[in-house]
Structure formats: C-alpha cells, structure tokens
Number of protein chains: 2
Amino acid sequence: MSSLSSNLPTSPSTLRVGCVGGGQLGRMMALEAPRLNIDMRFLDAEGSSCPAGQVVGATDRNGVERIVKGALYDEDKLAELAEGCNVVTMEIEHVGVQGLEKLEAKGVNVQPSSRIIKIIQDKFVQKEHFSKYGIPLPPYADLPNLEAIHDAALQFGLPLMLKSRKGAYDGRGNTVLRETTPEAITTALADLGLKAEDLGDTLYAEGWVRFYSEVAVMVVRSTNGETRAYPATTAVQTDSICRVVLVPARNVPANIRHKCENIAMKAVNALGDGATGMFGVELFLVENGVDDIDVLLNEVAPRPHNTGHYTQDACATSQFENHLRAVCGLPLGDTNLLVGAAAMVNVLGAPSGDINETMKGVNAAMSIPRAVVHWYGKGCRPGRKMGHINMTADSHAELDTSLSRILELERISYDDLPAICRVGKCPLVAVIMGSQSDLPTMQDAVNVLKDFGVPYEVDIVSAHRTPEKLMLYSRSAASRGIQVIIAGAGGAAHLPGMVAAMTPLPVIGVPIKTSTLNGQDSLLSIVQMPRGVPVATVAIGNATNAGLLAVRSLCASRPDLRDKMEEYQLNMKKAVDSTSHSLLEQGSDKFLEGMATKSKSVNI
Amino acid sequence: MSSLSSNLPTSPSTLRVGCVGGGQLGRMMALEAPRLNIDMRFLDAEGSSCPAGQVVGATDRNGVERIVKGALYDEDKLAELAEGCNVVTMEIEHVGVQGLEKLEAKGVNVQPSSRIIKIIQDKFVQKEHFSKYGIPLPPYADLPNLEAIHDAALQFGLPLMLKSRKGAYDGRGNTVLRETTPEAITTALADLGLKAEDLGDTLYAEGWVRFYSEVAVMVVRSTNGETRAYPATTAVQTDSICRVVLVPARNVPANIRHKCENIAMKAVNALGDGATGMFGVELFLVENGVDDIDVLLNEVAPRPHNTGHYTQDACATSQFENHLRAVCGLPLGDTNLLVGAAAMVNVLGAPSGDINETMKGVNAAMSIPRAVVHWYGKGCRPGRKMGHINMTADSHAELDTSLSRILELERISYDDLPAICRVGKCPLVAVIMGSQSDLPTMQDAVNVLKDFGVPYEVDIVSAHRTPEKLMLYSRSAASRGIQVIIAGAGGAAHLPGMVAAMTPLPVIGVPIKTSTLNGQDSLLSIVQMPRGVPVATVAIGNATNAGLLAVRSLCASRPDLRDKMEEYQLNMKKAVDSTSHSLLEQGSDKFLEGMATKSKSVNI
C-alpha cells in the first residue's frame, strides 16, 4: 500500500479527466467522478446531448465546454479534449490510435496508452500477443487469402468462425462457415461485406469452441502494475448481445472461478506498461471430461464493460470508480462481492421501438426490493441498449425470484436461460428425513421456519434406500441456494452425517426417538461423527430446536431475523414469568389442580 | 403496489426536478437523478460553482441554465427555478415559505409543500404540532417574556435549554441556562444575540434531557401517504455537529430500535398531506430504570439528512434516490440495510483550514476495503463539512477496524466515542470452556479457525464458578459482534446450554471426555436441551468439528469462506485417495508394517 500512496496527487485540487466517447459508459463514470474530486469532459460525435453530456451539462461553472463535439478519430478534437486534462482515457476502443500517439508525443498522459489500444483494436494482433504470453486461446489463424481459409478449415474442422480483425462488437463482424465450397465462402465473406480480394489483413479464422458456459471477469490494473480481479461472472448472450450477467458465475466450482480470475489477470498483465484502468475479459469454459475444465480467452476490452455493471450495486468500488482511480494513479479499490449473489439485466429497446414498452421492466424494477435502475437517456431503437437493472440478494435462489420477474418484462423467460444459469425456485433451509414416519417429529422444525418466515423445502432422502438421491441432493444443495440443512433420522441414523460429508453447508441432525433404544441409537449415530465432518446434533426428537438453530445460523447475515429471534426469546421469558406469577398467586395446590383439569380437558 | 403504479409517469420522457439549494445534499441528489431519467436544476446563491452546480454543469444540452443564481428567499428566482419543472423540492428548510406558497397558488407542484416547511421552520410550532398528535417530546414551553423563563426553570428544573425557534442548525441558536439570576439570563440571551425585549416569538425553552443515546431515523413518505423507515442509527455529535453515524443503532435492543422507527414514521405521518420526500428524525433515548427505555422526539428535518448518508452504500435505495422517487410520485424504494453494519464519518475542514490536512482521511479511505469516499467540492474552512466516508461490514466488530483508522485521520480517537458506541476489538467466533483442563481439547477448534483465517477469542467462562460472568458474556456477545459461540464443558456440562439461553447466536457444544463416564455425561448434559433453546452438539471431544461447524455457519454471508470450505473438503478427499493409492500399491501386509513403523517413530 505504501508504494501506492506515493501515487496520490500531492495537491488536493480537482483532477480533470478527458474521456474519448460520451456513451453510457462515460455517463456512468461521470456519475461517480464528482465524489472522488474528479471533473470530467468528453469527446463525442453527438455533442452535449450524448448520454454523458446529459449528466455533466454543456458547460462548466467557468463557461468552459464539457463536451467536445467531434469524431473519435478527429485528431484536432482529441487535442481539444486533452487541453487542461490530467489524463485522457476512453470508454470505447474504436478510437484514433494515431491521434492518441500524437497526444502522447506532446506529453499528454493517455491511459490506457495508444500501444494497448493498438494491440486490442486488431483482434488478430491481440491473439498473437496473448499467445506469446502463454494465455490459453481457442485455435486461430491468419487469413491472408482464400487458400488460408481452406487450410484453417482443414486444421480446425468445420464449422469455422470468420472474424473481422477490427471494429467488431456485439456479434457484428463475425460469421460462421459451415462448408468450404466456393459458394459458401463467397456467401460468408459477403455477410461481412467483403470479397475474396479484400482478404489480407481484414479477417482471421477461429476454431469452433464447444463451450458449456461463457464467463467474464473484470480486471483493474494501476499505473504501477498492481492488478485486481472482480469475481468471475456468467454472461448470457442472446443474438450475440449481452442480456444477463450472473455473479458469482453460476454452477462453476470455486477453483474454476479462481482459475478464470487468474487467467484474466495474467492476460491484462501480459499487455504490459500502459495497460491501465478497467479491462473486460471474456472467457470460454470447455469441458474436457469429468471434473476437468479448460478456460480459454475469447477477447479483452480495455475499458469498463457491460459484464461489469453489476459492480455498481454489488461491490464497494464499482468498475467505473476503479477505472477512474486507476487512470488517475489513485489506489485501486476493493473488488470483492459484498452480497451472496448479484445479477444484471440489460434493458433493450423493445422490438416495436416503443419507449413505453421499453420502460416496462424499468418501471416494475422500481417496486422490486434490491433492484436498482440505471437509465442511459438514449433515443429508443429496437434492440438498442437503453439501460440496465442490477439486482442483489443473499443467495442465488433469493435473487432469482426478482430476476425472473425482471426477465419476463424484458421479454425473456427464466426457463429459456441456459440450464447452467438456472437454480429454480429454492428455499433457504432444507428439512429432510430418512422416512415418512419421521415427519410427525420433523414437522416441529417446519413450524419454526414458518413462524420466522424462512423459506424451506421438505423432502424424504434415505441414506440406505435412495443413496443416489442422497448424493445428488447433498452435492447440489449449496449451488441451489440452500444455506442450512436439517436432517432427521432414527436407529442406525446415517443421513445427517452422509449429507454433511457432501456439502459445505451446516447440517443439523435430529435423532428420531426409536422404540427399541429410545433414540439413544439415533443420537450416537448422528453425534459421534469423525473429525472433519461436523453434524450439529440436537436432543432426541427435538426438531423444534433444529429449526431454531437453523434460524440462529441464518441470523449472521440477516439483522431482521436476529431481531425476531430476540423477540422469540423475550416471549419465552414472558410466558414463564406469567406462569410463575400464577403459581405465586394461586399457591402450588390450586395450581396443580388447574393443571390436572386442563390436562383432562385436553384428553377429552 | 397497484395503487403506486398508477402514480408512475404515463410518459417515459425525462422528469425535471427543481431543487431549492445546491449544496452537498443537492449534489448527491444530482448524482442519482440521471439513472432514474430525472433531470435536475438548482437555485443557489453561489451560482454554478455550488456543489450541485459542479456536477450538473452551468447549462444543459439546449443551452438552458441549470443553476439559477439567487437567494433561497427570492420569489422571482424561485419562480425562475420552477419554470418547466414537474416538481419543485428543496435540500434545506431555511427557504422562503411565501415564495413557495406563491408557486403553489400558480399550480406548481411543490414537495414537500409550503405548509410542511412552515410547521418545521419554527421549532416551537413543530413541537406544538407533534404534541397534538401524541408524539413523545421533552418538556418545552413558549417564552413570550422574561417571566416565562423563570416559570420554565421552575417547572423543568435547571439546567434549562433556551432555543431559537427559527434558523438554527448544527447547534447554533441553542444555549444552556444554568441559573436564573438576571445576569445569567442576560448572558444566555446575549449568547443568542438577543436582549430581553427581543423575547416574544424568538425563543422557546426545553427541559434538560439526560439521554443516554441519540438515535436518528430516516423516513420517506410518498405523495399518497405510504411511509417507510430506514433502520435506526446512533448519531454521534461533537461540538453539536454530527461527526459519526453507526447503523444499526449501537447497543440498542431490537424492540427499542423498532420503537424508534415507529415513532419516527408516526411523526412524519402526523405532518399530513404534503409531507413528501425524505425526513430526518432525531430522537433521544432516556433510561427509566432497568429495561425501560423512553424514546423522545428531538426534531425533524424535511429533506435528506446527514444521518442518512450511510444509505448510499448500505441500502439498495439511498435517501437521495428515495427523496427523488417520493417527490416525483414514483414507487418508494427498499429501505432495508443490506449489510451487517455500516458507519458514516463526516470529513470536516481541518482546524488549520489546510486542504491537504483535511483530505488525509479521504486519501487513506481510498486504500481501505469497503470504505467509500464522498467529496463535496466545497472551499475549505475549519470545521466545515467537506465530505463524508461511508463504511460497511458484516458485523459491528469488523466495521470498527476500518472505523478506528478513519476516525484517527479525522482527529477523533475511537476510545473517545461514547461508551455505548464502542464494541472494542472483537472476533467473529468465541471459544469458551468451563475449565482450563478443557483447553487441550478445545485448542483443536482454535486451530481450525486459524486455518480458515476467522478471527476468534478464547476465554474461560464457568457456569458453576463464574455465573455472573456467564450471564454478562452471553448477553453481550451478539452486540459485541460475535456471530458464533463454541462452548466446551465436561460432566454436568451446563455451559453451552446456559449460554444458548442468553444469546440469539448459534451455540456449538463440545462434550469433553471425562474419566468416570467417558464423556457420556457431558454429551447428554449438552445435547438434551429443552424445546426453545438449541445447542448444536458435536461428538465427544471433537472440537475440530465444532470449529468446522462455526466456519460452515459463517459461510452463508461469506462466499470466500464457502470456497475455502469446499477446498478443505477436496483436500480431505485427496488425502484419503492418496492413502488408498498406497494401500492398493503396497498391499495390506506391507502397508500395516509401514503404519507400525510410523507409530513407533512417533513414540520415540
């Protein structure tokens, strides 16, 4: 940290940041800049009506223009933007590299530097660079001529991706070649607006990747090379446009998520000096047989990224703040997820192009707890990114209740999400038992959960009669969003311990009373677990306490529930106080009589 | 919710909100407005260099001025601000009521309405209003003349507070009368810039309140009377200026916090029609003997409030967003706390007036995880509110590690906070035992916590030999920030159950092995708890599992820890796999030999 502190501005006067591009990414930077004592201006072809311009206004308090109107390739306009700025950065990589180089030659601080933009703008050059540094990539090849297309198809097989080296985004500039007949090739090139004679440095080929999930990782890198990754996310695309982002990446084991984060950091670091600010790193997960997952780099964007919007509401430092911190030489901010789960849904212009139709999801989100609306102020066109909605929750399962509501309004069915992304409707506590004969006992736990308003599910899972179900149930419980498992079993009671062996969740064991040994067999089978696999055991037949223990466990992250538990305890005290009061008042003889009468009337 | 939806703007076009005052509160509204599709303009005496003006710029994309320069009492300027606005609101209550009334007469939508501002501006009128609606207040009296001061002193006792009815803030306009000699009265009046003949409607008297804590509650009220409260906070003042806010209110039981929230909502509702937007409600807690706490209303501000800044980073909807939602007739947002604990520290201009000195805390906060900086862009003066820092954490105890660092840089010692606010350095897990002879067993739990990096404390608490300590320890554990208690005991093992009876936290019991009954006595004493008071019991002598259970419990709100637990389980599997591999390779005869050799070498 001490080396970072030396990076702090020695004067506390406001820093001025010039940003190339004033779209939604620039707008969201502008909304975080003021509280960091940063003043922003923008270069944008739309002028002051661009999304960022709507926020910062046309002129500042000194009458100086905050928006330079001009093309992102216009060198004079770039120079105008840079005037008086401590640093020039960008919200889009499709900018004039020559203009940036000229700024740098004049001593302007450009972050990320023109060298980085140059590498990233040309996706083939990008791949060559990452390949040199040992970053795992899908197979790819240069396409200087028609022959090279045939060579690539032979080498990588069909289908083959043909991709534009420059200027591609949101799926544009990509096409799929399914056969290598001259007609198919001509058609594929025509898709990209090209003819055979345009080949040279326009296209490259990529082998078809049979990925089972797309993961994106946001990485921030400081001017002195410190790198931090945000958690790996699942990115869901429809029609090649990012629609939904889920965090942490769904149904991806922790070690693979960390592998993704490490590869993303390694890739950004491989870019070297001048790789400053946020980088959006897109990855493919490819299954290589059971329990072996390959991570391949798809591509890198040198700026805040659609897959990082969730950081605004789910992390202490958003990607926009961290981009500003990094390019200004301030210390990097915390990249940890502060919630159990988060999601982002893009609001796209409705197919009709109607703005009222488009705003339906936004309006509904206003009434959904923990949903946050981010509107970009852009004119409405079908399929255009108009805004996004972030959601947070304590767990994936709780998140998906709001998620499915928002998705519906965005014309997406929750059930249409890739299977790996769905958790299904899922409770916080699972109450399971070895046999239906345990239910009368276990119902006491269910009643406690009802009273405390904790969502639960009840199921029969027998260690001895349904061993496969036992395994599947235990292994999937955590990723389904369950937080605590209550398991009841009697006799040679193996259920709680076997479940505990196959889940990282706390498991509470309820020894069921048996007719032969009064439940002592159940108790000892449940409580005497070996080192390493704990079961929280309660008294014989006391499922009430199992329910209460589950609630106490959940309290840690739920202050409301803690309050309810305190109230419950206060009520127990009051009940005993009141009994004590009656006993004192009536004397023991009369009190005992009353008890006998009550017990009789119960028996009738 | 359906009634709220009808309040949504039927057209999705941008809403325009005019705000009277462009200080830091207006600035922070302006930073949230764009993502809600709201465009703001401000009236401020400073013009476009005011804090809000720095954010929104001097002119919008159409060249229209966003900042009207003028006094908040200037009726023409108010009318200028209102032009083209869907609603006019304010960030300060010291505005011209007549000007607002004239706007309303012209049909301008003013929220909160002039009637509300009029009631609140005059603190005596405010008290009369709340008194009429049965809101509990400290004793107060009108002071039309000198005689009334003597009457009030007789009635309420000394010391007596003399308070200005209008224009007071941050402790200005208040003075303390300690004796009723003519000299003392003259001096007190002079303190407020008054003479005896100024009495009439300038001052009122308030009885001295011996409060043990100051609590503030932010309340939002919609145009159709729906009211929601944010959680009760502890507000710490130094020199009558709000310095630190702690959430949830520290060491205030849940039922009293809810009482505060209910009184705050009742007070805002008592204001009636036109009471729209955020309201900051300040309360006193007064002890009335053991377990009986009175809540008295101090005062109400009709706007976002310093004690509500924490909502920016600890709630899904900040007070600024909820103010805008309310005054625009949009549905109210979620007011729940999303984290275990939060704090806000005001950054005041350093006594030297030096800006570098002032920014020390801000710069340091940049390197502290989960600390968020909010700078206001104001010129530096000693004691002026220049910005604030929000902090969040899973618990009070974790929060206070960063809090004490920030406080130090703000020239406040953590130990100088009122005792009720401090939690002390506190771990997440407490490992306690009845006797030192239990330590060799219990150390296994400690080792697990060490391995997982979970902060812990270890202590001896004997149910039978230190019953008072037992009670104190159990009752205070939750408010000290402890999340799980592991208790070991042997024989007639009462410690775990007694602790569980006096805390809402999960308690894990470790039955210590005994020489007489091999620990069966301990096991049954711990596990056979009555309904209502659960103890999570592990195997006899198996403190390792108690540690692991504590970690599993904490996982619910700590995804990182969950990852570590999965890794731990994977390592157990690998260890057995490797042993199994050796056994298969060597055969059982040779393997057994190896085991014997190893065991011998251990014995040597």
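What the table shows:
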| quantity | calculated |
| --- | --- |
| Contact order relative to length of segment A:139-207, as percent, for alpha carbon pairs under 8 angstrom and 6 or more apart | 49 percent |
| For B:497-507, mean number of other protein chain Cβ atoms within 10 Å | 4 |
| P(r) weight above 31 Å for chain B, C-alpha pairs, percent | 60 percent |
| Pairs of Cα atoms farther than 18 Å apart, segment B:401-534, % | 58 percent |
| Segment A:13-110: translational diffusion in µm²/s, Stokes-Einstein, Kirkwood Rh over Cα pairs, 20 °C, 1.002 mPa s | 165 µm²/s |
| Peptide ranges A:391-404, A:124-137 listed from the most packed, as the mean C-beta count within 10 angstrom indicates | A:391-404, A:124-137 |
| Å² per residue, accessible surface of segment B:437-585 at 1.4 Å | 41 Å² |
| Cα convex hull volume per residue for segment B:9-50 (Å³) | 65 Å³ |
| 5 angstrom amide H check on A:MET386, placed H, neighbours 5+ away | A:VAL347, A:LEU348, A:GLY349 |
| Placed amide H near B:THR276: partners under 5 Å, 5+ positions off or other chain | B:SER113 |
| Highest-first arrangement of B:341-353, A:545-557, where packing means the average Cβ count within 10 Å | A:545-557, B:341-353 |
| Average other protein chain Cβ within 10 Å of Cβ, residues A:29-36 | 6 |
| Residues with amide H under 5 Å from that of B:ARG66, placed H, sequence gap 5 or more | B:THR59, B:ASP60 |
| Whole-angstrom Cα spans of segment A:434-506 along principal axes, big to small | 32, 29, 15 |
| Kyte-Doolittle mean at least -1.0, axial Cα span of 20 Å or more - DSSP H helices of chain A | A:254-271, A:559-603 |
| Relative contact order for chain B, counting Cα pairs under 8 Å that sit 6 or more residues apart, in percent | 9 percent |
| Carbon and sulfur %, accessible surface of the protein assembly as shown computed with the full protein complex present, 1.4 Å | 51 percent |
| Cα extents of segment A:139-207 along the three principal axes, largest first (Å) | 27, 23, 19 |
| Relative contact order, percent, segment B:304-423 [alpha-carbon distance under 8 Å, six or more residues apart] | 25 percent |
| Separation of alpha-carbon centers, segment B:21-82 and segment B:294-334, rounded to whole Å | 20 Å |
| For segment B:496-513, Karplus couplings with θ = phi - 60° (6.51, -1.76, 1.60), whole Hz, Gly/Pro x | x, x, 5, 5, 4, 5, 10, 8, x, 7, x, 10, 9, x, 10, x, 7, 5 |
| Angstrom value of the Kirkwood radius, inverse mean 1/r, which spans all Cα pairs in segment B:218-365 | 16.3 Å |
| Antiparallel DSSP beta bridges within the protein assembly as shown, as percent of all bridges there, nearest 5 | 65 percent |
| Shielding by partners, peptide B:46-54 (average Cβ within 10 angstrom, other chains) | 3 |
| Along principal axes, Cα extents of segment B:350-405, largest first, whole Å | 35, 18, 17 |
| C-alpha center-to-center spacing [segment B:89-144, segment B:518-539] in angstrom | 60 Å |
| Rule-of-thumb Rg ratio for the protein assembly as shown [Cα; 2.2 N^0.38 Å; N residues] | 1.01 |
| Debye, to nearest 20: dipole size of chain A, +1 on Lys, Arg Cβ, -1 on Asp, Glu Cβ | 1140 debye |
| Local electrostatic count, B:PRO112, Cβ distance below 11 Å [Lys/Arg +1, Asp/Glu -1] | +2 |
| Buried solvent-accessible surface, both chains (A, B), 1.4 Å probe, Å² to nearest 100 | 8200 Å² |
| Whole-Hz ³J(HN,Hα) from phi, Karplus 6.51 cos²θ - 1.76 cosθ + 1.60, for segment B:348-364, glycine and proline x | 9, x, 4, x, 6, x, 7, 6, 4, 4, 5, 7, 4, x, 4, 4, 5 |
| Rg/Rg_globular for segment A:333-382, with Rg_globular taken as 2.2 N^0.38 Å and Rg from C-alpha atoms | 1.41 |
| For A:HIS129, net neighbour charge (Lys/Arg +1, Asp/Glu -1) across residues whose Cβ lies under 12 Å away | +2 |
| Value at 222 nm in deg cm²/dmol, rounded to 500, when DSSP H runs of n ≥ 4 in chain A each add -39,500 (n - 2.57) | -11000 deg cm²/dmol |
| For segment A:234-248, Karplus couplings with θ = phi - 60° (6.51, -1.76, 1.60), whole Hz, Gly/Pro x | 8, 9, 9, 9, 10, 6, 6, 10, 4, 10, 9, 10, 10, 9, x |
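The values are calculated or read from the model by the stated rules, or taken from the named source; none is laboratory data. All values derive from a computational prediction rather than experimental measurement. Neighbour counts run over all protein chains shown; Cβ positions are idealised from the backbone, glycine included. Note: accessible area is taken over every heavy atom of the protein model, side chains too, but ligands, DNA and RNA are not part of it. Shrake-Rupley method; radii C 1.70, N 1.55, O 1.52, S 1.80 Å.
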